[in-house]
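Take a look at the structure set out below.
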Amino acid sequence: MEPNELLAKLPVAFAEPGLREEMSRHGKYMQVGKGDTIVREGQYLDFLPIVLKGEIRVFQQKEDREILLYYVRAGQTCMMSLSAAYFNNTSVSYGVATEPSEIFVFPTRMVSEWQLKYPSWNSFLIQTFRSRYEELLGSFESVAFDPIEKRVMTYLTNRSRQENSTKIAISHQQLAYELGTTRVVISRILKAFEQQGKLSLFRGYIRLK
């Protein structure tokens, strides 16, 4: 991709011309498909990704269960990757594209350098840590205090609102991964919701009523 094309795709929050020029010079444009792994647990990270288009699901995996941490969407970066870049650590999570996505990556050595030189980059990093902290705190509170039945319905309702549709394309296993539980538990809860008239179950999707 030509530098001018890449510059046009970068978030407008990066205001300084010098920063945008450096980003286009040091950065690399990538296209990834749905299901592609961007970052693996235990991987040494020498790059930091910024999503230009699409969505990356960040999660931890323990045996046959997954714990969703957050999603990285257009104009955002991954806090876990950023933390690994700062402290020269390996990644403690996975990052997988949930849809075809466009990603801008650049060397981690630039993170601290740009923070000292460019106020807009410093603000971007601070906002990233703040927003991800709030998301993780909210997730922790939900897991710690909300019954799993409430978490399932809250997830489905929020997903329906985001997609502006009562039809939610998700399997029982995928929903279990999203909520950090097992498929058996999810299937039991969904069946009970169906009997209560709250939703209908179909192969590969759920429809809220």
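Computed on the chain, with alpha-carbon pairs under 8 angstrom and 6+ residues apart, the relative contact order is 21 percent.
Residue-normalised convex hull volume from the C-alpha trace of the stretch 137-199: 82 Å³ per residue. Take the Cα of residue 162, step 7 Å toward its Cβ, do the same at residue 98, and the gap between the two points is 0.3 nm. Note on the stretch 88-149: along the principal axes its Cα atoms extend 47, 27, 23 Å, ordered by decreasing extent. Using heavy atoms of the protein chains and a probe of 1.4 Å, the accessible area assigned to residue 155 is about 40 Å². With a threshold of 23 Å on the Cα-Cα distance, the over-threshold entries among 9/167; 34/150; 28/53; 28/62; 34/209 are 9/167; 34/150; 28/62; 34/209. With a cut-off of 16 Å on the backbone N, the residues of the stretch 52-72 near the modelled label site 7 Å out from residue 154 along Cα-Cβ are 68-71.
At the listed q of 0.13, 0.15, 0.19 Å⁻¹, the Debye profile of the stretch 1-69, built from one uniform point per Cα, gives log10 I(q)/I(0) equal to -0.51, -0.64, -0.90. Here the label points at residue 9 and residue 134, each 7 Å from Cα along the C-beta direction, are separated by 2.8 nm in the simple model. With springs only between Cα atoms under 10 Å, which of 104, 59, 124 fluctuates most in a Gaussian network model of the chain? Of 104, 59, 124, the Gaussian network model singles out 124 as fluctuating most. For the pair residue 83 and residue 207 in one chain, pulling the backbone fully straight at 0.36 nm per residue adds 40.8 nm over the alpha carbon distance. A value for Rg and Dmax of the Cα atoms in Å was derived from the coordinates, and within the list (i) 19.1, 60; (ii) 17.9, 69; (iii) 17.1, 61 it appears as (i).
Return the Rg/Rh ratio of the stretch 102-209 with Cα-based radii and a Kirkwood Rh. Over the Cα atoms of the stretch 102-209, Rg/Rh equals 1.15. Could you state the number of Å between the C-alpha centres of the stretch 36-108 and the stretch 160-206? With the stretch 160-206 and the stretch 36-108 each reduced to a Cα centre, they are spaced 26 Å. Computed with every protein chain present, the accessible area of residue 143 is close to 90 Å² [probe 1.4 Å]. Peptides 195-202, 86-93 ranked from most to least packed give 86-93, 195-202, packing being the mean of other C-beta atoms within 10 angstrom over each peptide's residues.
The values are calculated or read from the model by the stated rules, or taken from the named source; none is laboratory data. The shown structure was predicted, so the numbers you read here are calculated from the model rather than taken from an experiment. Backbone-built Cβ (ideal geometry, glycine too); neighbour counts: all protein chains shown. Note: areas computed on protein heavy atoms with side chains; ligands, DNA, RNA excluded. Shrake-Rupley method; radii C 1.70, N 1.55, O 1.52, S 1.80 Å.
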